[in-house]
């Protein structure tokens, strides 16, 4: 049996015991919440696994090694970045594909780059910067991502009180440095 499966099973059992001890009806509420989540993502999961199986069958091992292997790390990272930007869907589609590619022999570097490009530097972020500032603002796409601001950037509106306060603090610091 896979050690990660055992760890996950232990975590679930311990959480169920704690939930039962805390409130006897809490495990049932948790199962209802899990069912709601599954109803919302079952099609994405199914399509992700089907596409991962198709990718496993359609991409021969030599081609995978040539494009995403460890022999050419620079090329693999560029290919992983491009694929991450182009691939549609969320994590339910991407992670089964990544698991299949890793099992088939893709190097970790290109796969990590693919995940990063998919989740942090997506075209949607670039377009969001365009919508807000009228240009593809490199600050909004590149500099905010390593600091972990991509989520807050996507969810805020321009007139958010918190953002206005932060902007005033930054402008105040820049003005005082002169």
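If Rh is defined by the Kirkwood formula over all Cα pairs and Rg also comes from Cα, what ratio Rg/Rh do you get for the range 1-113?
1.13
Rg (Å, one decimal) plus Dmax (Å, integer) for the alpha carbons of the range 1-52?
Gyration radius and largest Cα-Cα distance of the range 1-52: 14.4, 42 Å.
All of the numbers you see were taken from the coordinates with simple rules; none came from a lab. Small disclaimer: the values here were computed from a predicted structure and weren't measured.
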